[in-house]
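First up is the structure itself, then whatever we jot down about it.
The values are calculated or read from the model by the stated rules, or taken from the named source; none is laboratory data. What you see is a predicted model, and the numbers here were worked out from it, not measured in a lab. Methodologically, a virtual Cβ is constructed for each residue, glycine included, from the backbone with ideal geometry; neighbour enumeration extends over all protein chains shown.
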Amino acid sequence: MPSSWKPNFLLIYAGQAVSDFSSMVLQFAIIWTLTDQTGSPMVLSGAMLVSFLPEAVIGLSAGLLIDRYSRKAIMILSDVFISFVSVLLALVYTFGSISVGLVMAILFLRSVGSAFQRPCLQAITPQIVPKDQLARCAGYSQSIQSVSKLVSPAVAAVLYKVWGLNLFILLDVLGAAAAVTTLALSSIPPVLEGERRPLHLIRDIKEGFRILYGGGMLGIAGIGALYTSALMPVSALFPIICLSYFNGGSTGAGMVEMLFSAGVLTGALILSATGGMKNKVLTIVLAAFLMSVCLLTGGLLPPSGLYIFAAVAFFMGICAPCFWGSQTALLQQSFAEEHMGRVMAITGSIRVIASPVSLSVSGILSERFGAQLWFLVASGLTMLTGLLCLAIPSIRRCDKVYLEDIHSH
């Protein structure tokens, strides 16, 4: 791998950062359009569902294509496809009225593009980044996402009052153009050489699971799914627990959300600066245990503990990128480049498939017993993820780079 990998990495990720930011701003504008038109929580829940469903449904087959064809071309086509779908929305908005069904379809199609784009970017990273720098680069990626998530709602909120939806779409198209341009200028080496065997969906998906299992990482994928199941409802319940339990009003809810986002950014910057611990599994375990303590504290606070809860949310934010960044780096360093598309797509699908179940269960429990109960449940689940990492030998020993370093000494 060339020593001058940093400019190439920064070129690709700079374009993706601009594209991610513009897409998030448009996403918020679309959600607020739905809110203005319907005011229905059910519609907004449906919008959330269609936004991540394709990753679960298409992710398995997307990984096969990512491993067989030019990853640069797939990312460029994904960005172009997402922009094309946005332009269709602009045309309908200009010459007719937007129905809820149409907006759902647009969100679904944009998510189809993302189902190819995200795992492809994760698969490209080990091709252009040295293995000992993967955790740092995962921290850079998490930092970019954190800034986008922190800033895009505020930008969208300000512009929504003065912009029409078409200007948000134009911003998204310009963001995609930036990503396509930087990808076109970047250097991404081909993975496969020689003749490819014919594509066989079921056989190749099974082979992907065998690769993941053989590398000792199927357990890590399951751990990630359990962690997601615990925390995705927590993010949805933040406003509810602030308003209904802590009586903090919209100001208190905004403060908690902002501190959580600031914590995510802080954790991502720590990971990018240090690369985490040499043993990435231990980093995952410690992040899970600290998250469990934070959730337990938040669930046990009295109604007068809003400011303590806000501080807890900040530390929860720090834990998240340390967990996900270390898991991503662990996956990226453990498999051959020609398998990386299937590995990242399958682990993403496993993680997403678990989400609707936990969202449904948390909704029922929170409706009946209060949102704070799910924080206690999530505390137990995140503690369990850490314990499983320590208890299952195949997971505990899966950091090959760490083991090789130990053996060399």
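Quick one: which helices (runs of 4 or more DSSP H) sit completely within segment 95-187 and have at least 1 residues that are surrounded by 15 or more Cβ atoms within 10 Å (Cβ to Cβ), within 17 Å of the chain's Cα centre (by Cα) and among the polar types (S, T, N, Q)?
Fully inside segment 95-187 and qualifying: 100-128, 134-160.
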Task: helices (runs of 4 or more DSSP H) completely within segment 348-400 that count 3 or more residues being within 16 Å of residue 324 (Cα to Cα) and in contact with a Phe, Trp or Tyr (Cβ under 7 Å, 6 or more places away or on another chain) - done: 371-391
- [ ] Determine whether segment 321-343 contains at least one residue that is in contact with a Gly (Cβ under 9 Å, 6 or more places away or on another chain) and farther than 21 Å from residue 134 by Cα.
- [x] no
- [ ] Pull up segment 292-336, narrow it to residues that are among the hydroxyl-bearing types (Ser, Thr, Tyr) and surrounded by fewer than 21 Cβ atoms within 10 Å (Cβ to Cβ), then point me to the one that is farthest from the chain's Cα centre (by Cα).
- [x] 304
- [ ] Would you check if there is a residue in segment 260-268 being surrounded by fewer than 19 Cβ atoms within 10 Å (Cβ to Cβ) and either outside the structural domain of residue 372 (by TED's automatic domain parsing) or farther than 24 Å from residue 357 by Cα (or both)?
- [x] yes
Open item on the list: What's the number of the only condition in (1) modelled with pLDDT under 80; (2) in contact with a Pro (Cβ under 7 Å, 6 or more places away or on another chain) that residue 66 fails to meet?
Closed with: (1)
Open item on the list: Could you list, ordered by first residue, the pairs with Cβ atoms under 7 Å in which the first is in segment 273-289 and in the same structural domain as residue 377 (by TED's automatic domain parsing) and the second is surrounded by fewer than 18 Cβ atoms within 10 Å (Cβ to Cβ) and assigned to a helix (DSSP H, G or I), at least 6 apart or interchain?
Closed with: 278/405; 281/396; 285/390
